[in-house]
Amino acid sequence: MFLGIDLGTSGVKAVVTDATGGVLDQDETPLAVSRPAPLWSEQDPEDWWKATDAAVRRLSARGSTAGVRALGLSGQMHGAVLLGEDDRPLRPAILWNDGRSAAACRQLEDLAPSSRAITGNRAMPGFTAPKLIWVREHEPEVFARTKRVLLPKDALRLRLTGEAVSDPSDASGTLWLDVAERRWSEPMLAACDLALSAMPRLVEGPEESGRLRAEVAQAWGLERIAVAGGAGDQAAGAIGAGVVRPGQASLSLGTSGVLFVADDRFRPYPERAVHAFCHALPGRWHQMSVILSAASCLAWVTRLTGAADEAALLSEIDDPGTPSPRLLFLPYLSGERTPHDDPDATGVFVGLDHETHRGALARAVLEGVAFALADGQQALIDSGAALDEISVIGGGSRSGLWGRILASVLGRPLHYRAGGSLGPALGAARLARMAYSGEAADEVCSAPPLERVVEPEPGWAEPYAESLARFRTLYSRLSQAGDAQEVHA
C-alpha cells in the first residue's frame, strides 16, 4: 500500500491506496488562510505539520497505514517558506494567491532580462521569486537571516525526512528554475540575491528523496519508508488522473481553477500568462492556464449569504433551464493570472435587482468561474496546445450542475473518473508507488475508471456565448476604468 499526502490551501488530504491504485482510506484536516493586509495571503508552516500529523494519525488509528511501503507528497505551489540557520521558519509562508509583489515582478524582469527565456514564464505576483524581492525590500532583517527557501510541500518533507529536496514540477513555479533543462538557474537566483546553496536539491517526482525519520515513522505506525520526490499539486493531480501523454488534459476545480495539458516538450507562451512547467515525470512538461479563484468563490458566496453549506446553497439554484444572461459574476477575488496577469482585479456582481436571491448568486458564481476558465482555454489554444480529452478533478468535481455549465461554456465533453475529488493526493500515492517499485509511468499512471461523461447542453451554447462576450467586455471596461482612476490619482 502507498500513502499520498496533499498539502492544499484549504486542508491537508491523506489517502492510502493499494497496489492497483484503488483508494483504501482517506482523511483530511482543514486549514485557514490569514489575510493580515490587502492582497496578502499567508499560512503558518507549523499548521501544515499539525494538520498532516493529525490526518495520518487518524489513518493509523484505523489500522490503515500498517501496510504502507512508500509515501508521496504534493502541495500548493509557489509559496515561500523562509528558513533560518536552524531550519525554522522566520515568518509565515507567503502563499500562491498573495498579490503584494506586483512591483517586484517588474523589478525582477528588469534585473534578469532573459527571465522569460530561462523560465518560460512571465513574472507574476503568485510566483516565489518576486516574494523574496518583496521581503528583501520590506523585511530586510528577515531576508538577511534567510539561509534556505522551500516550497510548502518541501517544508513538510523537511519535517518528515530531515532532507531539503524539491522536484522540477514544483520548482518550475519559483522562477528560479531553467525549465527546459530542469535545473536551478543561477542568473535568476542572483537577481534575487540568493545563492544556489539556498535551494533544495532536485529529484524527479518518482525518485526517492529520503527516508521517514524514525520518530515520525513510529508515531504513524510505519517503517522508515521512502518518500518520493512528489510534485506540485497540479502535476500530481494530473498523475492521479492519468494525464501524462501529449494532448491529455485535466480541469482542476480546487481553491484555484486550472486547465492542464501534458506535453513531451517545453512549449512556453508567456505573452498571455500561460504557465509552461515541468511535469512530474522525467522528460515531460505541461502547460497550464490558471485562475486564482474557483471553488473558493463558491465557499465565499456560501459564507456571504449565510447558507448552511455549499451543498445547501447549490440546492437553492432554480431549475436551470436556459441560462439567463442578466446576472454576471467576475471571479477575481484574489486577482487573476491567465490571461490577464492582474493582481488588482476584484470580484464583481453585475445585474442585481430586487428579485435576486442567493441561489441566483450561486449560479452566477458557477458561471463566472466557467467564463474565466474559457478565457484560459482560449489562451492555451492560442499557444498551440492541443487539448484532447479533459478529466475533471478537485473538490468542485462533485457538483453535477457545475459540470453541465463548464461543458457548455467550454464547448467540450468533460470526463469524470473515480477518485477525481482526491486529485493530487492520489497522484502523490502513485509517485510513491513508482519510487518503491521502479515501475514505468505507463504502467502506473493510467486513467482511473470512467464514471460519467458530461456533454455540453445543446440549448445553452448560444446564451453562454453571449454571456461570455459580456463577461469579457465587463472586465475590459472595469480594468480600463481602474487604470484611468490610477492615472488621475
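Which residue out of Thr128, Thr161 is closer than 24 Å to Pro424 by Cα and in contact with a helix residue (DSSP H, G or I) (Cβ under 6 Å, 6 or more places away or on another chain)? Before you say what the answer is, go through the steps one by one.
Working: Thr161 fails: in contact with a helix residue (DSSP H, G or I) (Cβ under 6 Å, 6 or more places away or on another chain).
The unique qualifying residue is Thr128.
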Inset, instruction - With respect to Glu455, determine if the residue is over 15 Å from Met1 (Cα atoms) and surrounded by fewer than 15 Cβ atoms within 10 Å (Cβ to Cβ). - result: yes
Legend entry - Tally, over region 1-59, of residues that are under 17 Å from Leu431 (Cβ atoms) and among the acidic types (Asp, Glu): 2
Inset, instruction - Tell me which residues, restricted to region 430-468, are free of Cβ contacts under 8 Å to residues at least 40 places away in the same chain and either within 18 Å of His415 (Cα to Cα) or among the hydroxyl-bearing types (Ser, Thr, Tyr) (or both). - result: Ser437, Pro449, Leu450, Glu451, Arg452, Pro458
Inset, instruction - Scan the helices (runs of 4 or more DSSP H) fully inside region 120-203 and keep the ones with 2 or more residues being within 20 Å of Gln234 (Cβ to Cβ) and without any contact (Cβ under 8 Å) to a residue 60 or more places away in the chain. - result: 128-138
Legend entry - Residues located in region 301-329, provided they are under 24 Å from the mean Cα position of the chain (by Cα), closer than 16 Å to Ile405 by Cβ and not in a helix (DSSP H, G or I): Phe329
Legend entry - region 92-117, residues that are under 22 Å from the mean Cα position of the chain (by Cα) and not in a helix (DSSP H, G or I): Pro92, Ala93, Ile94, Leu95, Trp96, Asn97, Asp98, Gly99, Arg100, Ser101
Inset, instruction - Answer with yes or no whether Leu314 is buried (at least 20 other Cβ atoms within 10 Å of the Cβ), aliphatic (A, V, I, L, M), farther than 23 Å from Ser41 by Cα and in contact (Cβ under 8 Å) with a residue 40 or more places away in the chain. - result: yes
Legend entry - Residue in region 68-75 that is touching a residue at least 40 places away in the same chain (Cβ under 8 Å) and outside any strand (DSSP E or B) present: yes
Inset, instruction - Among the numbered conditions (1) exposed (fewer than 15 other Cβ atoms within 10 Å of the Cβ); (2) in contact with a strand residue (DSSP E or B) (Cβ under 6 Å, 6 or more places away or on another chain); (3) not polar (S, T, N, Q), tell me where Ala55 comes up short. - result: (1)
Legend entry - Answer residue from region 5-44, given it is within 15 Å of Pro152 (Cα to Cα) and among the small types (Gly, Ala, Ser) and is surrounded by the fewest Cβ atoms within 10 Å (Cβ to Cβ) among those: Ala32
Legend entry - Residue satisfying condition, being crowded, with 18+ Cβ neighbours inside 10 Å, among the polar types (S, T, N, Q), in contact (Cβ under 8 Å) with a residue 12 or more places away in the chain and closer than 28 Å to Arg35 by Cα, within set Thr346, Thr338: Thr338
Inset, instruction - Please enumerate the residues belonging to region 108-150 that are closer than 19 Å to Leu196 by Cβ, surrounded by 14 or more Cβ atoms within 10 Å (Cβ to Cβ) and of a type in the set (Gly, Ala, Ser). - result: Ala112, Ser115, Ala129
Inset, instruction - Just one of (1) of a type in the set (A, V, I, L, M, F, W, C); (2) at pLDDT 95 or above; (3) surrounded by 19 or more Cβ atoms within 10 Å (Cβ to Cβ) trips up Trp96, so point out which. - result: (2)
Legend entry - Given (1) at pLDDT 95 or above; (2) of a type outside the set (A, V, I, L, M, F, W, C); (3) on the phi > 0 side of the Ramachandran plot, index of the condition Gly247 fails: (1)
Inset, instruction - Check off (1) over 16 Å from the mean Cα position of the chain (by Cα); (2) surrounded by fewer than 24 Cβ atoms within 10 Å (Cβ to Cβ) for Ala273 and give me the number that stays unchecked. - result: (1)
Inset, instruction - Output the residue which, of all residues in region 65-83 that are surrounded by fewer than 23 Cβ atoms within 10 Å (Cβ to Cβ) and aliphatic (A, V, I, L, M), is farthest from Pro206 (Cα to Cα). - result: Leu83
Legend entry - Options Ala195, Ala214, Ala249: the member that is surrounded by 24 or more Cβ atoms within 10 Å (Cβ to Cβ) and of a type in the set (A, V, I, L, M): Ala249
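The values are calculated or read from the model by the stated rules, or taken from the named source; none is laboratory data. From a predicted model like this one, the values you see are computed outputs, not experimental measurements. Methodologically, a virtual Cβ is constructed for each residue, glycine included, from the backbone with ideal geometry; neighbour enumeration extends over all protein chains shown.
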